[in-house]
Amino acid sequence: MTSMKRRIFLKGSLATGAVGMAVSTGLLTPRASLAAWTKAAFEATDVNGGASALYGSTSMDKSDKIKIKAPDIAENGAVVPVSVTTSIDGVSSISLFADKNATPLTAEFTLGPGTEGYVSTRIKMGKTANVVAIVKAGDKLYSSSKEVKVTIGGCGG
């Protein structure tokens, strides 16, 4: 039993030492491995403010090629499953907003070239609101929305 604990300790020490050496020599930079985020967009108080901070524009076309899958009634606003699928070509970004939240931007996804236009996540909703999906393809923005009724608020409600 003692030899197993010793092996686990030695493996952990070796891994920690290797990561420490990689960071100190510049092979691994913590700043490069952390996700970038647009602070102004996540602090915006409305959908247009968030879209403007993310994409530099609020001009978007409504599209029936964007499908939002979310419950009609969410029993708990703290955990609302939402998925977005789009058949628009050249999608580079998909963002989700809950328009009645204090800070409506709930998620933003950057997709690589050739990636399927699909994202799935769980969002927090304070009260009944529209879930708005904004899709960026090329230099154009497209949007779609779906109302989700919340019975128990997830943002302190």
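Figure the gain on full extension for R7 and S93 (residue separation times 0.36 nm, minus the Cα-Cα span) and round it to one decimal in nm.
This chain segment gains 26.5 nm when fully extended.
Please state the shape class of segment 37-150: rounded when a/c is under 1.5, otherwise prolate if a/b exceeds b/c and oblate if not, all from the C-alpha gyration tensor.
Numbers: a/c = 1.77, a/b = 1.28, b/c = 1.38.
Cα axes put segment 37-150 in the oblate bin.
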Seminar exercise, completed: Note, S145: beta-carbon cut-off 15 Å, +1 each Lys/Arg, -1 each Asp/Glu, net +1
Exercise. For K149, which aspartates and glutamates qualify as cross-link partners when the Cα separation must be under 20 Å and same-chain residues fewer than eight apart are set aside?
Worked result: D46, D72, E75, D99
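Read-outs throughout are calculated quantities, based only on the coordinates presented, and are distinct from any laboratory measurement. Source: prediction; values computed, not measured. Methodologically, a virtual Cβ is constructed for each residue, glycine included, from the backbone with ideal geometry; neighbour enumeration extends over all protein chains shown.
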